[in-house]
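Data first, discussion second: the structure below is written as structure tokens.
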Amino acid sequence: MEYAVRGLGFGHGRTPVFDDFDATIPAGAVTAVIGGNGSGKSTLLNLCAGVIRADAGAISPVPSRPALLAQRTEHIDGLPLTVRDCVRIGMYGQLPPWRPFGAANRRAADEMIERVGMAKYRDARMRDLSGGQRQRTMIAQTMVQPADLYLLDEPSAALDTAGRQLLFALLREKADAGKAVLMATHDGDEIAFADQVINLGRIAIRAEASTRAPRDAEPSIV
Ligand SMILES: Nc1ncnc2c1ncn2[C@@H]1O[C@H](COP(=O)(O)OP(=O)(O)OP(=O)(O)O)[C@@H](O)[C@H]1O
């Protein structure tokens, strides 16, 4: 299975970003999308997540259950949310309307909080956390979702070495479970970790991505 991006056209107002753009995001693998600042990495993730709509082209199949870790999440600081609230929110969208948030959901959220090393802080307010702690929490919120496609924008930003290892273990688990993982990154460790790299290059408008395997990554999928 794979997600095929075909003939994608999109512009932010008068700023064209994609024109007849093609890319492939395989399931069961981690794909890094790289490119200069403003090259369209976040835009591609948002298009895949359905947060914004393409002007032309399509992603096929349409991801039915995308999970998105956005680059900017500071708006959450304006809400009186604890770490636990924030992670649980990740699961709400997947609940059928007639099913309450039950014991199994609470357990899954708490287990994920523990996985990312935030158990000690689970009742802390998001606004009171360090940058790395809040990033770990946002990763937990994303990874706790039973998604088919995981979209992460610069996920290791602010993470220490242990945090990166936790992140990579979670991403690899999702890929090994047959999920598709797409992360926007500038980070050398993340690029080396990926099975496939989509390079958007430096310029703002592009029709073609060059796709390759990172030099040291095993196995490679191209
Ligand atoms: N909400 C917006 N309104 C108008 N233009 C936007 C908006 N978001 C992004 N852009 C423009 O679209 C282009 C692509 O932006 P995008 O955020 O996707 O790039 P990026 O590759 O993720 O960049 P970075 O590496 O800096 O995070 C840029 O030229 C940017 O200025």
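The values are calculated or read from the model by the stated rules, or taken from the named source; none is laboratory data. Remember, it's a predicted structure, so these values are computed and weren't measured experimentally. When we count neighbours, we look across all protein chains shown, and the Cβ atoms used for this are built from the backbone with ideal geometry, even at glycine. These area figures cover heavy atoms from the full protein model, side chains too; ligands, DNA and RNA do not enter into them. Shrake-Rupley method; radii C 1.70, N 1.55, O 1.52, S 1.80 Å.
Using just the helices of the chain, give the 222 nm mean residue ellipticity in deg cm²/dmol: DSSP H runs with n ≥ 4 each add -39,500 (n - 2.57), and the total is spread over all residues, rounded to 500.
Working: 6 runs with 67 residues, N = 222.
Computed ellipticity for the chain at 222 nm equals -9000 deg cm²/dmol.
P(r) of segment 118-188 in 10 Å steps, Cα pairs, percent per bin?
Values per bin, smallest distances first: 19, 52, 26, 2.
Of Tyr92, Tyr150, Tyr121, which has the most accessible area with a 1.4 Å probe, and how do the rest follow in descending order? Present the calculation step by step, with values, prior to reporting the outcome.
Numbers: Tyr92 115, Tyr150 5, Tyr121 75 Å².
Putting Tyr92, Tyr150, Tyr121 in descending order of accessible area: Tyr92, Tyr121, Tyr150.
What three numbers, in Å, describe the spread of the alpha carbons of the chain along their principal axes, ordered from the longest?
46, 39, 31
What is the gain in length, in nm to one decimal, between Arg172 and Ala58 on full extension, counting 0.36 nm per residue of separation less the C-alpha to C-alpha distance? Before the final figure, lay out each step's value.
On the way: separation 114, 0.36 × 114 = 41.04 nm, distance 2.70 nm.
Here the segment from Arg172 to Ala58 would lengthen by 38.3 nm.
Using a 1.4 Å probe, what is the accessible area per residue for the chain, in Å²?
Details: 10810 Å² over 222 residues.
Result: 49 Å² per residue.
Starting from the coordinates of the alpha-carbon atoms of segment 75-146, obtain the Kirkwood hydrodynamic radius over all distinct pairs and give the value in Å to one decimal. Please report the intermediate quantities before stating the final value.
Numbers: mean 1/r = 0.0826 Å⁻¹.
About 12.1 Å, per the Kirkwood formula over Cα pairs.
Leaving ligands, DNA and RNA out of it, report the carbon-plus-sulfur percent of the accessible area of the chain at a 1.4 Å probe. Present the calculation step by step, with values, prior to reporting the outcome.
Details: 5300 of 10810 Å².
Carbon and sulfur atoms account for 49 percent of the accessible area of the chain.
In terms of Cα to Cα distance under 27 Å, which lysines are near enough to Lys120, apart from those fewer than 8 places away along the same chain?
Result set, ordered by chain and number: Lys174.
Excluding Met112 itself, calculate the net charge of residues whose Cβ lies under 12 Å from the Cβ of Met112, where each Lys or Arg counts +1 and each Asp or Glu counts -1. Let's see the in-between values first.
On the way: positive: Arg84, Arg88, Arg106, Arg107, Arg115, Arg122, Arg136; negative: Asp110, Glu111, Glu114, Glu173.
Cβ neighbours under 12 Å give a net charge of +3.
Val51 accessible area, nearest 10 Å², 1.4 Å probe?
Rounded to the nearest 10, that gives 90 Å².
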